[in-house]
Amino acid sequence: MAGLPARRIGGSVICLKETESTNAVAFKLAEEGGVEGTVVIADAQSAGKGRLGRVWLSPPGVNLYCSVILRPPISPVAACQLTFLSVVAVARAVEACTTVTPQIKWPNDILVSGKKVAGLLNEMNAETEKVNFVVLGIGVNLNMRADQFGTTLRHPATSLFEAGGVEVNRVQFARTLLAELDRLYEVFLKEGEAPIRSEWLERSRICGRGVKVSCGEREFSGVVEGLDAFGALLVRLSDGKLETVLSGDVSLIN
Ligand code: BTN
């Protein structure tokens, strides 16, 4: 209808009380032809999936667990660019809904005071040349209490409540996040990933900083020069060589 803003993401939202994983539900829906922009949100996940086969803690009623189906007209190698989009959308939503300052940690973590508050897991179905669909999975620790994190996490984690001292309204947070995702996805489709990558870089404040990189057995240090169009971190070593870091653990050293 003329005059109404077109909403691609969040046109259809499926809310579940509990599921194994919103990513698994959204993936199945997408395989069955689910339309672009469909969102699956759950109050709790019994088998929330994290990256690298890890578990994502998903207790009921306190956090946001959501997955979005996208069908971008891009090649599989470009699909990692959608990670910038989720990271920037989460950072914007945190700023809009709380007084907490989010920090971005490459490649796709959102931290507060050095502890993880949100994680992103993109899963893709693609052919050699084209993406059929991508599921953007987003988990944000909104109101989880410190004692709900247990003692088995590999990296320190927190919630926006623990960091800011104020309960976050889950519905308002979800609405804000989906609106930001929608805005950024329209930019992505019209102008490509560059403007979003540039906001990512600005927010991460990582350019020009010294970092230590661990990739499997290998460790090295250098100064970050930026990100390439596929999200790899560009690190200048002391001998002048430029390393393109596709995966690994990166920590700031100054
Ligand atoms: C990470 O390891 O940092 C990624 C965590 C991603 C968690 C979210 S919660 C909603 C969606 N459903 C899942 O099973 N995982 C993602």
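Brief remarks follow.
- Among the residues making up the stretch 220-254, a single one is on the phi > 0 side of the Ramachandran plot, at pLDDT 90 or above and outside any strand (DSSP E or B): 240.
- Given (1) farther than 28 Å from residue 245 by Cβ; (2) surrounded by fewer than 20 Cβ atoms within 10 Å (Cβ to Cβ), index of the condition residue 97 fails: (2)
- Among (1) of a type outside the set (Ser, Thr, Tyr); (2) at pLDDT 95 or above; (3) surrounded by fewer than 19 Cβ atoms within 10 Å (Cβ to Cβ), the one test that residue 9 misses: (3)
- Residue 213 vs. criteria surrounded by fewer than 20 Cβ atoms within 10 Å (Cβ to Cβ), assigned to a strand (DSSP E or B), touching a Gly at 6+ places or on another chain (Cβ under 6 Å) and in contact (Cβ under 8 Å) with a residue 12 or more places away in the chain: no
- 3 or more residues not hydrophobic (A, V, I, L, M, F, W, C): qualifying strands (runs of 3 or more DSSP E) within the stretch 3-91: 13-19
- Set 82, 70, 121: member being within 16 Å of residue 39 (Cβ to Cβ), touching a residue at least 40 places away in the same chain (Cβ under 8 Å), more than 10 Å from the ligand (Cβ to nearest atom) and within 12 Å of the chain's Cα centre (by Cα): 82
- Figure legend. Inter-residue proximity from the stretch 45-58: first residues assigned by TED's automatic domain parsing to the domain that holds residue 23 and touching a residue at least 60 places away in the same chain (Cβ under 8 Å), second residues among the basic types (Lys, Arg) and near the ligand (Cβ under 7 Å from one of its atoms), beta-carbon distance below 8 Å, spacing 6+ or different chains. Indicated pairs: 56/49.
- Residues (over 20 Å from residue 180 (Cα atoms) and charged (D, E, K, R)) located in the stretch 7-27: 17, 18, 20
- Some residue of the stretch 149-164 being on the phi > 0 side of the Ramachandran plot and without any contact (Cβ under 8 Å) to a residue 12 or more places away in the chain: no
- Taking the stretch 24-59 as the range and being loosely packed, with under 15 Cβ neighbours inside 10 Å, more than 8 Å from the ligand (Cβ to nearest atom) and under 23 Å from residue 151 (Cα atoms) as the test, the residues that pass are 46, 53, 55.
- When each of 77, 62, 134, 117 is tested for being over 21 Å from residue 150 (Cα atoms) and modelled with pLDDT of 95 or more, the lone residue that passes is 134.
The values are calculated or read from the model by the stated rules, or taken from the named source; none is laboratory data. The structure presented is a predicted model; accordingly, all values stated were derived computationally and were not measured. Cβ sites come from the backbone with ideal geometry, for glycine too, and all protein chains shown count toward neighbours.
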